[in-house]
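Participant: Take this structure first; my questions come after.
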Amino acid sequence: MNLAQIKVLTWVACGVVAGVVGWHGYQTSTKDRPQPSPEAAKRLLTSVEPPKQQKADVVAYARLKEVLADANLTGKVIVAAKPVEQGEPAKPSVVAVSELVRVQYVQVDLARPELGAAFLKYKSRAGVSGPAAEGALLRVGERLAAPNGHVRIHAVEPMQVVFAFDDEARDKESVSAAEFESNTAIVQVGPDGVVVSAPRVGIPRVEGQAFVPGRTTMLGANRFVLGSEDMTYLNDNYAEVLAREVRTAQHRDPRTGKYDGIEIKEVSPGSVAARHGAQSGDVIKSINGQPVNSVQEAISFVKVNKDKYSSWEVVVENKGKQRTVTYESPNN
């Protein structure tokens, strides 16, 4: 027997041995195992709980948008938008007080200026409605009716009312008092609505010496009748008045640089000068047509012409506006 035959026989023998061993193992494993009945198998299958269904994960929309929509998947450089700068709130338009109110009349207390009052008539521009629109008597420190509460009365002077504002950067404004028209007709209405003509009543003229007030009296806006006591006091004490009650200086024309009047820098409240209508900021330009550039020049002109004139017209300028103040002699 050659080598090839021996190899074949050996492989055949190994295969037979493996088959015998495998069959014996199968018989051994299944020989004593009991076979389950169909009922037991059914009970076993039905006793197993069904698997729980898992809920789908919920993802917040904001997170999904951040990951997907806001993600820069293109690789391009994104330039962040600059925030819009908030500028300063627009300031309300400035309306002059003269467009809001009309000064009907003033009540001036020269001894105690803080007690002054003025009756104001509101214009349509003021936007005041209701009973207040008909006008109101306001005292120093009181405010205009809504929607103009940011305006208050700062001072009541013989010829004007000075207003101040909550905005401290805004300059004070003055509104002149209306002239009283003596020729205005007074209309009377009877119970039946019929107009009744009122009789003209005049001031009777009495022959003899006219009434001479001791103090200078204001007849109207920019009109005064000189008082004998005040005139005597000013004549004897003008140097003291200029030193204590009023502060003056020569005024230069800003355009030409030349002296063109007497500037009143400051006036003491309740002083003789204040009772004669002097106001801070006034520039006296002329007296009865005669230009004056210094206090000495004005005093000299009045003394020389005191017997020539019974009425004195003083041209005054304040903040670019001119007015003529008239002083009447008490015997005029």
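Participant: Out of all the residues in region 261-280, is one or more over 27 Å from VAL108 (Cα atoms), out of contact with any Phe, Trp or Tyr (no Cβ under 6 Å at 6 or more places or on another chain) and not assigned by TED's automatic domain parsing to the domain that holds PRO113?
Facilitator: First pass over region 261-280, keeping only residues over 27 Å from VAL108 (Cα atoms): 261.
Then keep just the ones that are out of contact with any Phe, Trp or Tyr (no Cβ under 6 Å at 6 or more places or on another chain); that gives 261.
Imposing the further condition that a residue be not assigned by TED's automatic domain parsing to the domain that holds PRO113 reduces the set to 261.
Within region 261-280, one or more residues are over 27 Å from VAL108 (Cα atoms), out of contact with any Phe, Trp or Tyr (no Cβ under 6 Å at 6 or more places or on another chain) and not assigned by TED's automatic domain parsing to the domain that holds PRO113.
Participant: Going through region 118-140 one residue at a time, which ones are small (Gly, Ala, Ser) and surrounded by 13 or more Cβ atoms within 10 Å (Cβ to Cβ)?
Facilitator: Of region 118-140, the ones small (Gly, Ala, Ser) are 118, 124, 126-127, 129-130, 132-133, 135-136.
Of everything in region 118-140, those that are small (Gly, Ala, Ser) and surrounded by 13 or more Cβ atoms within 10 Å (Cβ to Cβ) turn out to be ALA118, ALA126, GLY127, ALA132, ALA133, GLY135, ALA136.
Participant: LYS285: farther than 20 Å from TYR238 by Cα and either touching a His at 6+ places or on another chain (Cβ under 6 Å) or modelled with pLDDT of 90 or more (or both), yes or no?
Facilitator: Against the criterion (farther than 20 Å from TYR238 by Cα and either touching a His at 6+ places or on another chain (Cβ under 6 Å) or modelled with pLDDT of 90 or more (or both)), LYS285 does not qualify.
Participant: For GLN279, work out the one condition from (1) free of Cβ contacts under 8 Å to residues at least 60 places away in the same chain; (2) under 18 Å from GLU157 (Cα atoms); (3) out of contact with any strand residue (DSSP E or B) (no Cβ under 6 Å at 6 or more places or on another chain); (4) polar (S, T, N, Q) it doesn't fulfil.
Facilitator: Only one criterion in (1) free of Cβ contacts under 8 Å to residues at least 60 places away in the same chain; (2) under 18 Å from GLU157 (Cα atoms); (3) out of contact with any strand residue (DSSP E or B) (no Cβ under 6 Å at 6 or more places or on another chain); (4) polar (S, T, N, Q) is unmet by GLN279, namely (1).
Participant: For region 156-170, how many residues meet the condition of being in contact (Cβ under 8 Å) with a residue 40 or more places away in the chain and either closer than 13 Å to VAL97 by Cβ or touching a His at 6+ places or on another chain (Cβ under 8 Å) (or both)? Outline the logic, then answer.
Facilitator: Taking region 156-170 first, the residues in contact (Cβ under 8 Å) with a residue 40 or more places away in the chain are 156-161, 163, 170.
Add one more test, that the residue is either closer than 13 Å to VAL97 by Cβ or touching a His at 6+ places or on another chain (Cβ under 8 Å) (or both), and what stays is 160-161, 163, 170.
Residues meeting the conditions: 4.
Each row is one residue, and each column tells you yes or no for (1) exposed (fewer than 10 other Cβ atoms within 10 Å of the Cβ); (2) modelled with pLDDT under 60; (3) in contact with a Ser or Thr (Cβ under 6 Å, 6 or more places away or on another chain); (4) acidic (Asp, Glu).
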| residue | (1), (2), (3), (4) |
| --- | --- |
| PRO191 | yes, yes, no, no |
| PRO199 | yes, yes, no, no |
| VAL206 | yes, yes, no, no |
| PRO213 | no, yes, no, no |
| ARG223 | no, no, yes, no |
| GLY227 | no, no, yes, no |
| ASP230 | no, no, yes, yes |
| ASN235 | no, no, no, no |
| ALA249 | no, no, no, no |
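Participant: If you don't mind, another one. So is ALA133 at pLDDT 75 or above and hydrophobic (A, V, I, L, M, F, W, C) or not?
Facilitator: Against the criterion (at pLDDT 75 or above and hydrophobic (A, V, I, L, M, F, W, C)), ALA133 qualifies.
Participant: Within region 306-313, is even one residue surrounded by 14 or more Cβ atoms within 10 Å (Cβ to Cβ), over 21 Å from ASP236 (Cβ atoms) and not assigned by TED's automatic domain parsing to the domain that holds LEU115?
Facilitator: Scanning region 306-313, I find at least one residue that is surrounded by 14 or more Cβ atoms within 10 Å (Cβ to Cβ), over 21 Å from ASP236 (Cβ atoms) and not assigned by TED's automatic domain parsing to the domain that holds LEU115, so the answer is yes.
Participant: Would you pick out the residues in region 120-141 that are within 20 Å of VAL162 (Cα to Cα) and under 17 Å from the mean Cα position of the chain (by Cα)?
Facilitator: Correct list: ARG125, ALA126.
The values are calculated or read from the model by the stated rules, or taken from the named source; none is laboratory data. If you're wondering where the values come from, they're calculated on a predicted model, not measured in any experiment. In this analysis, Cβ positions are derived from the backbone assuming ideal geometry, glycine residues included, and neighbour counts consider all displayed protein chains.
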